Amino acid sequence: MMKQALLASLLVLATAAPGVAGNTATSPRANYVLHCSGCHGMQGLGTVEGGIPAFPNSVGYIVSIESGRDYVMHVPGVVGNNMTNAQIAEVMNYILDQWSDGSGHFTEAEVTRRRAVPVGDVVIYRRKVVEDLRNLGVEIAEYPWP
Amino acid sequence: MTRFIDRFLKRLDGATEANIRSSARRNGRRSFLARTGMALLGAAVSVPVLPFDRRAFASTEGGAADPCSYWRHCAIDGFLCEDSGGSLTSCPPGSSVSAVSWVGTCSNPDDGKDYLISYNDCCGKPFIPSATFCNNNKGERPGYRMGLYNDINWCTANTDKGYHCTVSVVVGLAD
């Protein structure tokens, strides 16, 4: 808890999925709370100081383009948890239902396929996604990465 | 008809008087008080007079010697806030709750259900070395499983990053 570490590494850790004490939850809502809410919050608003992006006015646009759908399958919360691909699809769809209009749902097969796509540095890849959206005339919520 | 009622009342008077006289011969004047007192004393000994709920003290279950064994602390890694003016769910005065947290699942022995517990750190004050430190970490994985790693200062997303203590807040059912 109190172990000292470099601020940079802490910030990376802070964006990782929160811990899971066993993988007992089965509902998408409970899995969101267990695996995502520790950083993104119960309201999906993230934190500016911690560099955690908010979902409203953002996640729905991101999943509307190809690069964005690859991106969300490589965010720290998805990479770092121990859910199955089917559970990841359910939780992602729960997020889309809660903080967007519910369109752009994922299937287990799509999650499996997109998780295998290499994206490299996910922060740099996000900037590409934002640029792709900007070229389409869509401006999403600001990304509070320092 | 009137005579019939008169006769009935006379008989009733007689029976009542006979009963009272017989009762007065058998029982002393103070026996009523004595029996009532015995009944009250017996009730106080055998039945709890005031209602009470043991769950009110559930946070100390497991014995004062081991407060870390309380079920909500199953995945905690930190100092208990009770020792520095806070509580199971609230940060001590002068500290602020962390914006990010570790979330785990703990089973409540009272109802057998699994609950989602958010372990928020309280930030902005130095920790107290003599406070109770609990290192349960149920479900934690080593650092190479970064998303399942709890050995982190969760104050990192706050302005004041100093770690003080950790609260255990129920945030939902793990259904």
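Quick check on region A:46-58. Is at least one of its residues assigned to a helix (DSSP H, G or I), crowded, with 16+ Cβ neighbours inside 10 Å, touching a residue at least 40 places away in the same chain (Cβ under 8 Å) and within 13 Å of the chain's Cα centre (by Cα)? So far as region A:46-58 goes, no, none of its residues is assigned to a helix (DSSP H, G or I), crowded, with 16+ Cβ neighbours inside 10 Å, touching a residue at least 40 places away in the same chain (Cβ under 8 Å) and within 13 Å of the chain's Cα centre (by Cα). Residues of region A:130-144 that are within 21 Å of A:L45 (Cα to Cα), of a type outside the set (V, I, T) and modelled with pLDDT of 90 or more: A:L133, A:E139. Surrounded by fewer than 11 Cβ atoms within 10 Å (Cβ to Cβ) and either under 20 Å from B:N136 (Cα atoms) or at pLDDT 90 or above (or both) - does that describe any residue in region B:83-93? Among the residues of region B:83-93, at least one is surrounded by fewer than 11 Cβ atoms within 10 Å (Cβ to Cβ) and either under 20 Å from B:N136 (Cα atoms) or at pLDDT 90 or above (or both), which makes the answer yes. Looking only at region A:59-80, residues that are in a loop (DSSP other than H, G, I, E, B) and within 13 Å of another protein chain (Cβ to nearest Cβ) come to 2 in all. Residue check: B:G162 meets all listed conditions (1) closer than 20 Å to A:R29 by Cβ; (2) more than 8 Å from every other protein chain (Cβ to nearest Cβ) but one, namely (1).
Please work out which residue is surrounded by the most Cβ atoms within 10 Å (Cβ to Cβ), limiting yourself to region B:94-116 and to residues that are part of a loop (DSSP other than H, G, I, E, B) and under 21 Å from the mean Cα position of the chain (by Cα). Checked region B:94-116; the qualifying residue surrounded by the most Cβ atoms within 10 Å (Cβ to Cβ) is B:N108. For A:N93, the criteria (1) within 14 Å of another protein chain (Cβ to nearest Cβ); (2) at pLDDT 95 or above; (3) in a helix (DSSP H, G or I) hold in every case but one, which is (1). Within region B:130-144, residues that are more than 10 Å from every other protein chain (Cβ to nearest Cβ) and more than 15 Å from B:C74 (Cα to Cα) have Cβ atoms under 8 Å from residues that are of a type in the set (D, E) and not in a loop (DSSP other than H, G, I, E, B) in these pairs: B:S130/B:D83; B:A131/B:D83, counting only partners at least 6 apart in sequence or on another chain. Please specify each residue of region A:77-107 satisfying the condition of being under 11 Å from the mean Cα position of the chain (by Cα) and farther than 15 Å from A:Y32 by Cβ. Within region A:77-107, just A:V79 meets the criteria.
Taking region A:76-101 as the range and being surrounded by 19 or more Cβ atoms within 10 Å (Cβ to Cβ) and hydrophobic (A, V, I, L, M, F, W, C) as the test, the residues that pass are A:V78, A:M83, A:I88, A:A89, A:V91, A:M92, A:I95, A:L96, A:W99.
The values are calculated or read from the model by the stated rules, or taken from the named source; none is laboratory data. The structure displayed is predicted, hence computed values, not measured ones. Every residue, glycine as well, gets a Cβ built from its backbone with ideal geometry; the counts of neighbours run over all protein chains shown.
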